[in-house]
Structures are given as C-alpha cells and as structure tokens.
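The values are calculated or read from the model by the stated rules, or taken from the named source; none is laboratory data. None of the values given here were measured: they were computed from a predicted structure. As a convention, Cβ positions derive from the backbone with ideal geometry for all residues, glycine included, and neighbour counts pool all protein chains shown. The protein model used for the area step is the full one, side chains on, heavy atoms only, and it has no ligands, DNA or RNA in it. Shrake-Rupley method; radii C 1.70, N 1.55, O 1.52, S 1.80 Å.
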Amino acid sequence: ARKNLSETDAREALRNLFLVFNVVDLYGADCRAALDLPMKDYEDAVAAVCARKAKVNCIITRDEDFLRSTSKLPVISPQAFLRQSNF
C-alpha cells in the first residue's frame, strides 16, 4: 500500500483490511516447517505454512513467483479475487 499511497492513507488501508481479514500469528515452529516445503522462496513457504495453519481457502498475492509456486492451496491475484468476489 505504501508504494501507491501516502503513509497516512496506507495505514488507514491496513486498518480497514484488518477489519475484514484475520492476521495469523507466526511462531518458530512455522518458520521451521517452512524449511521442509519444496518451495524455492522461503518467504513464500512461510506464507504457505501460515495459510495452511489458518485453514484459508486461497492465498491472494501479487507475487508472480508465488502465483506459479507449488503451494497446495489455490493462489490467485488480487485482481482475480476481486473479479470472482464481484467487488
């Protein structure tokens, strides 16, 4: 958000997202579990572990590499999510 908005607007956007989405806590065990995933990008692996832990339906990201990753969960772009959700 900060790339496209002022700091104040970016913080407000995040506050609004937190009203809609839950934030998953990250623990050391999650970081260790991410090492065992067959994903090249460690950050993506951590996100996949957290998503699985939270039992989400899909992962929404603009990260092109993550979109092509080996995540067992469906991975979609924000634009595709908005189209599917009729926003």
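So what is the calculated 222 nm ellipticity per residue for the chain, using -39500 (n - 2.57) for each DSSP H run with n of 4 or more, over all residues, to the nearest 500 deg cm²/dmol?
Taken over the chain, the calculation gives -15500 deg cm²/dmol.
Assigning unit charges at the beta carbon (Lys, Arg +1; Asp, Glu -1) and nothing else, what dipole magnitude in debye, to the nearest 20, does the chain show about its Cα centre?
Approximately 260 debye in magnitude.
How much area per residue is accessible in the chain when the probe is 1.4 Å and only protein heavy atoms are counted (Å²)?
80
So, with a 1.4 angstrom probe, what is the percent of accessible area on the chain that is carbon and sulfur?
On the way: 3750 of 6980 Å².
Using a 1.4 Å probe with all protein chains present, the chain comes out at 54 percent carbon and sulfur.
Using amide H atoms built in the peptide plane, which far-off residues or other-chain residues are under 5 Å from I59 H to H?
V75, I76
Taking the Cα centre of the chain as the origin and placing charges on Cβ (Lys, Arg +1; Asp, Glu -1), which of L14, F81, C31 is farthest toward the positive end of the dipole?
F81
Using alpha carbons only, how many degrees (0 to 90, rounded to 10) separate the axis of helix 42-54 from the longest principal axis of the chain?
80
Helix 7-20 versus the longest principal axis of the chain: what is the Cα-based angle in degrees, 0 to 90, to the nearest 10?
60
Setting aside same-chain residues fewer than 8 positions from K3, which aspartates and glutamates have a Cα under 18 Å from its Cα?
E12, D63, E64
Sorted by average packing, counted as other Cβ atoms within 10 angstrom per residue and highest first, what order do 29-38, 50-59, 7-16 take? Could you put the intermediate results ahead of the total?
Working: 29-38: 13.4, 50-59: 14.9, 7-16: 11.5.
The peptides rank, most packed first, as 50-59, 29-38, 7-16.
Multiply the residue gap between V24 and C58 by 0.36 nm, knock off their C-alpha separation, and tell me the result in nm, one decimal place. Could you put the intermediate results ahead of the total?
Numbers: separation 34, 0.36 × 34 = 12.24 nm, distance 1.41 nm.
Computed gain between V24 and C58 is 10.8 nm.
Can you give the FRET efficiency for R15 and Q84, using 1/(1 + (r/R0)^6), R0 = 41 Å, r = Cβ-Cβ distance, to the nearest 0.05?
Working: r = 25 Å, r/R0 = 0.60.
That gives a FRET efficiency of 0.95.
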